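Just so it is clear, none of the values below were taken in a lab; they were calculated from the coordinates. Keep in mind that what you see is a predicted model, and the values were worked out from it rather than measured. Backbone-built Cβ (ideal geometry, glycine too); neighbour counts: all protein chains shown.
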Protein chains: 2
Amino acid sequence: MKLLITGGGGFVGARLARTLLARGTLAGQTIKTLVLTDQVASPADLVADARVQDRTGPLLSQCEALKTEAFDGVFHLASAVSGECELDFELGMRSNLDSTRALLDALRACGQASGKPTRFVFSSSVAVFGPDAAIPMPSPVADDTLPAPQSSYGIQKLICEHLVSDYTRKGFIDGRAARLMTVSVRPGRPNGAASSFFSGIIREPLAGVEAICPVDASVSHPLASPGKTVEGLIKVFEASREDFLGRLGMNLPSINVRVSDMLDALEQVAGKAVRDRVKFVRDERIAGMVANWPTGATARRAARLGLHPDESFADIIRQYIEDCRKTPGGEAALKGLA
Amino acid sequence: MKLLITGGGGFVGARLARTLLARGTLAGQTIKTLVLTDQVASPADLVADARVQDRTGPLLSQCEALKTEAFDGVFHLASAVSGECELDFELGMRSNLDSTRALLDALRACGQASGKPTRFVFSSSVAVFGPDAAIPMPSPVADDTLPAPQSSYGIQKLICEHLVSDYTRKGFIDGRAARLMTVSVRPGRPNGAASSFFSGIIREPLAGVEAICPVDASVSHPLASPGKTVEGLIKVFEASREDFLGRLGMNLPSINVRVSDMLDALEQVAGKAVRDRVKFVRDERIAGMVANWPTGATARRAARLGLHPDESFADIIRQYIEDCRKTPGGEAALKGLA
């Protein structure tokens, strides 16, 4: 089978690609070709795999050519992140809305040529939820909570969920939308997401670097490990139409933890000296955005697919440390460990 | 003040224009200029008013020029209707989604030039609601019911509600969205809306013409008279930001009636011979779409603005008859009355 991952050069996309290549199959079929598109080149280990084709450039400019290139499945992860979209409205509309629509139209053209709608997983986000002056946001939010995004990023993700629903209902694609929870611990460097600190306050101290937490320790949020996130994307791809029960976005599983719980877990796994590298310096822009995010989430429909949250946040930290140790040169990320 | 009504040549748009011109003011300001845009020319009585400017042509092609033309308020009613959008997907995306976005961007440019966001009423629809395999649609639907549109028209309206929310949150416009219920009795000829029969089964018998009802007599649906619909649009425009309580779409009031109730009211007002001009011939395409529509709606937030539903469907029919009698040449529409 031939697969496409948009955003394949990003952290979640590259991890999904590695997992798929290691499995060798998806939905019972052998993966022969895996196309990765991203603004940046994909990691060298992926490009080295004979099954991988790497295409660098904006997704929007690649969609015209995709109208005549058939895929058996697509994971659409490419996205401008929340902080960027809030600072640059046009960027978000172009990268998240226009690009998704162009991709859907390309897949529609392919599906109509072949008579078979392409299976399509859209990575939506927990950021579709938010408080509304008239209707308080429940805590936790559920699959069927009324979305009321309070960020352009969340609005764009929600609009794309609706497009995926309609293109699927019309038979143009075989789509489904997985709402990703905030992924922690992300390796590497901070990114433009307002949620970036949810990884930074663990990653930086472990690397021996001071980290700034821009929100109060009492802030609670739904988190998932990179491994659970990738597992969720794959299960959502493999689920039958019947398993999915309608086309509304499905929350992926999360553990709902406070920042203080995260730091307690960090101390438990890595010691007090590591924890003490986290300083609290409130950032009003970030804190204001985070205050409009869910404090927790449930994922009942994902549980029907056999998807369950991480065991604990300490377990997530241990997975991160293990991942670093397995990565060539990854020990540098653990310089802060005694 | 200077106002714009898109879709000003349509039935609701023209009725809104007449009502505004007769009042002379909106939100306490004198209406000096009323610009009407539509694909078709506006009715002659409107064009004859010195305050009216009529602009014929697709809205999308007019938006570039609107970037430098300041308005004090906009009613955005222009829309392809539900049946058209289901038959011609591109038409719906262009007329309902692309045009709304281009209009919002034009108003944003104006608002940024003047420093004052333009007040904007978006006419959304009860068609944003629908059943989902996972989450049954409540009956009646409320302001905060989870929308799950089962038509491209409903999807496009819902996406535009989200755009209006985000443009308003960003301060680009001062927007609000009113979800119109199915308007009955519409005068004139059937249109491409799947809901067209909700007027046809009253209008045609009153004109002495046989009418086909394409759904069962037990079908229930939320309806509002043209007068109540226009009153709702005006109140939503005039409401303060505080009255509105958040940016989610607001249901306009409706009476929730079955087709059999409508025909009983017709018999009560116009006699059995008129009622007997309605024949039931099921149309699977129409019936399938209607089966995915709400059977009723509530409008709690609209009630806070002082908006209430029509008294009864018999009252709606009597209003229609009165409207016909007041319209030059309108007696022809009542030829079926004994």
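Dipole orientation for the stretch B:78-159: of the candidates B:Gly92, B:Val126, B:Ser114, B:Ser114 has the Cα lying most toward the positive pole (charges on Cβ; Lys, Arg +1; Asp, Glu -1).
Only the Cβ atoms of Lys and Arg (+1) and of Asp and Glu (-1) were treated as charged; on that basis the dipole of the stretch A:182-242 about its Cα centre amounts to roughly 140 debye. Here the stretch A:211-317 is treated with +1 on each Lys and Arg Cβ and -1 on each Asp and Glu Cβ, and its dipole about the Cα centre works out to around 260 debye.
Can you give the calculated 222 nm mean residue ellipticity of chain A, where each DSSP H run of n ≥ 4 adds -39,500 (n - 2.57) and the sum is split over every residue, rounded to the nearest 500 deg cm²/dmol?
Values: 15 runs with 135 residues, N = 338.
Helices in chain A give a 222 nm mean residue ellipticity of -11500 deg cm²/dmol.
Dividing the C-alpha radius of gyration of the stretch B:231-275 by 2.2 N^0.38 Å, with N its residue count, gives 1.87.
The relative contact order of chain A, computed from alpha carbon pairs under 8 Å that lie at least 6 residues apart in sequence, is 17 percent.
Based on the convex hull around the alpha carbon atoms, the stretch A:257-297 presents an average projected area of 3.4 nm².
Annotation: lysines with alpha-carbon distance below 18 angstrom to A:Lys272 (same-chain offsets under eight excluded): A:Lys335. With a sphere of radius 13 Å drawn around the Cβ of B:Gly83, what net charge do the other residues whose Cβ falls strictly inside it have (Lys, Arg +1; Asp, Glu -1)? Charge balance near B:Gly83 sits at -3.
Here is the size of the stretch B:133-187 from its Cα atoms: Rg then Dmax, 13.8, 40 Å.
In the stretch B:262-317, what GluC sites (Glu not before Pro) fall in a loop by DSSP, with at most 15 other Cβ atoms inside 10 Å?
Working: sites: B:Glu267, B:Glu284, B:Glu311; in loops: B:Glu311.
Answer by residue number: B:Glu311.
Report relative contact order for the stretch B:147-294 in percent, whole number only (criteria: Cα-Cα under 8 Å, sequence separation at least 6). Across the stretch B:147-294, relative contact order equals 32 percent. Measuring spread by the Cα atoms of chain B yields a radius of gyration and Dmax of 19.4, 61 Å. Taking Cα centre as origin and charging only the Cβ of basic (Lys, Arg, +1) and acidic (Asp, Glu, -1) residues, the dipole magnitude of the stretch A:1-144 rounds to 780 debye.
Can you tell me how the stretch B:30-69 classifies by the Cα gyration tensor, rounded, prolate or oblate, using a/c under 1.5 as the rounded cut? Oblate is the answer for the stretch B:30-69, as a/c is 1.5 or above yet b/c matches or exceeds a/b.
So what's the protein assembly as shown giving for Cα Rg divided by 2.2 N^0.38 Å, two decimals?
On the way: Rg = 27.4 Å, N = 676, 2.2 N^0.38 = 26.2 Å.
The protein assembly as shown yields a ratio of 1.05.
Debye-formula intensities of the stretch B:213-338, expressed as log10 I(q)/I(0) at q = 0.10, 0.15 Å⁻¹, are -0.41, -0.85 (one equal scatterer per alpha-carbon, no solvent).
Only bridges with both residues in the protein assembly as shown count here: give the DSSP antiparallel percent, nearest 5. Once the DSSP bridges in the protein assembly as shown are tallied, antiparallel ones form about 15 percent.
Using a/c under 1.5 as the rounded threshold, could you call the stretch B:282-338 rounded, prolate or oblate? The axes a ≥ b ≥ c are square roots of the C-alpha gyration tensor eigenvalues, and prolate needs a/b larger than b/c, oblate otherwise. All intermediate terms of the calculation are to be shown ahead of the outcome.
Working: a/c = 3.06, a/b = 1.23, b/c = 2.48.
Oblate, since a/c reaches 1.5 and b/c is not below a/b.
When we measure straight from the Cα of B:Lys235, which aspartates and glutamates land under 15 angstrom away, once same-chain ones fewer than 8 places off are left out? Cα-Cα hits under 15 Å: B:Asp174, B:Asp243. For the stretch B:257-317 versus the stretch B:213-239, the inter-centroid distance based on Cα atoms is 9 Å.
What is the mean number of Cβ atoms from other protein chains located within 10 Å of the Cβ atom of each residue in peptide A:159-170, rounded to a whole number?
Numbers: counts 9, 1, 1, 10, 5, 0, 7, 14, 3, 0, 6, 5.
Whole-number average of other-chain Cβ neighbours for A:159-170 is 5.
Taking a sphere under 11 Å around the Cβ of B:Ala299 and counting the other residues whose Cβ falls inside, with K and R at +1 and D and E at -1, yields a net charge of +4.
Here's the picture: charge each Lys and Arg Cβ at +1 and each Asp and Glu Cβ at -1 in the stretch A:219-338, and of A:Ile255, A:Gly232, A:Ile286 the one pushed furthest to the positive end of that dipole is A:Ile286. Roughly what % of DSSP beta bridges within chain B run antiparallel, to the nearest 5? Rounded to the nearest five, the antiparallel share is 15 percent. Orientation-averaged projection of the stretch B:1-67 equals 4.4 nm² [convex hull of Cα atoms, one quarter of hull surface area]. Projected onto its three principal axes, the C-alpha set of the stretch B:1-157 covers 53, 35, 30 Å, listed from the longest axis down.
Could you tell me how many cubic angstrom of Cα convex hull volume the stretch B:129-242 has per residue? Before the final figure, lay out each step's value.
Details: hull volume 16.3 nm³, N = 114.
Per residue, the Cα convex hull of the stretch B:129-242 comes to 143 Å³.
Each Lys or Arg adds one and each Asp or Glu subtracts one; over the other residues with Cβ under 12 Å from the Cβ of B:Ala22, this totals +2. Listed by chain and number, the aspartates and glutamates placed with their C-alpha closer than 13 angstrom to that of A:Lys279 are A:Glu204, A:Glu210, A:Asp216; residues fewer than eight positions away on the same chain are left out.
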